[in-house]
Amino acid sequence: MKPDIAPSPEDAQRQARQWLLRLQDRDGEAWLAAFQAWLAADPQHARAYAEVDALWQASAAPAQRLAAEEGDALNAYLAQMDRPATRRAQGKHRRWSYPLASAACLLVTLWAGGWWSPGHWLTDLSADYVSAPGEVREIALADGSRLTLDADSAVAVSLEGEQRRVDLLRGAAFFAVKHLPTPFVVRAGEAEARVLGTEFEVRRLGEQTRVTVAEGRVAVRGNRAAGAPEVVLGAGERVGIDGARLGDAQPADAQATLAWRQGWLTFYRAPLGEVLERLGTYYPGRLVLLDNALAQRRVTGSFRSADPQAALDSLQSVVGFRQQALLGRFVLIR
């Protein structure tokens, strides 16, 4: 007898999304018995479905707006997505019952790939400063320090107490810190950067955090726990933190890394997925990369952030992907 192999968390999430879509269908009640059996088959299934269902609830308000604006187009598009080529030829496909269900399901699908973040508005509620997509915002803090938010970023600031602290909730920020006896600390998830000098950038990219120093010194830890290892960066150095795992200090072209403050996005052998994620914070909509292999293609170049469509067209001519506009809000890339 072959041993049972537990599903991976990724498989459980994928199956949970499939069940969510089935249960929202007009014939969803016919799936209830099979759905209950799937839930009972593995504890991971129940956890994965609870997470997806929570996302569904969080998506209700934006889905309602999207459905009101794009209901007919969403139904047509999702019907095309749902049926294979052979079924399209036969004209057989599942029909979605309500535009709201279609919109929310599309948002769940986009969120699962990291292309849409329904929690941004929740993040913004706890932020002191937020920059909109396409906006670079300069802020003077009460202690005399300055910070510059890259597009689509958010921070919470606390300058009172035993330390001055900034929490980078999403995106990226450049800091020019006023020298005072009170320590200045920047947190991004579990990562923490403690200022020993003046000018540096902290950037969140999915589960990763990068710290790049332009001037002075910054001590970086991947975990805020007492006694956690740290790396001290000097000017022209950077370090990456993956989750809570702290990498090694690496040389960095700080001028190129920080060129976004002058309106340029500069990359050297960066994965296309990362390039599109950065470009997406300036794009008036969402860029959806559908090909994982394509995401790993390396890209070198500088692009004007003020014209993200021109940058996308330049990337297309070099890499050779296809663009497909959807609903005036999304661009599918494959």
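Where the eigenvalues come from the Cα gyration tensor of segment 263-333, what are the semi-axes √(5λ) of the equivalent ellipsoid, largest first, in whole Å?
Working through the eigenvalues yields semi-axes of 17, 15, 10 Å.
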Under 5 Å from the placed amide H of LEU141, counting only residues 5+ away or on other chains, we find ARG146, LEU147
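Per-residue counts of other Cβ atoms within 10 Å, averaged by peptide: what ranking do you get for 278-288, 155-165, highest first? Walk me through the intermediate numbers first.
On the way: 278-288: 19.7, 155-165: 14.6.
The peptides rank, most packed first, as 278-288, 155-165.
Computed FRET efficiency, Cβ-Cβ of ALA219 and HIS179, R0 22 Å: what is it to the nearest 0.05?
Values: r = 15 Å, r/R0 = 0.70.
Efficiency for this residue pair is about 0.90.
Just so you know, all these numbers are worked out from the coordinates, no wet-lab data involved. Since the structure is predicted, the reported quantities are computational estimates derived from the model, not experimental observations. Every residue, glycine as well, gets a Cβ built from its backbone with ideal geometry; the counts of neighbours run over all protein chains shown.
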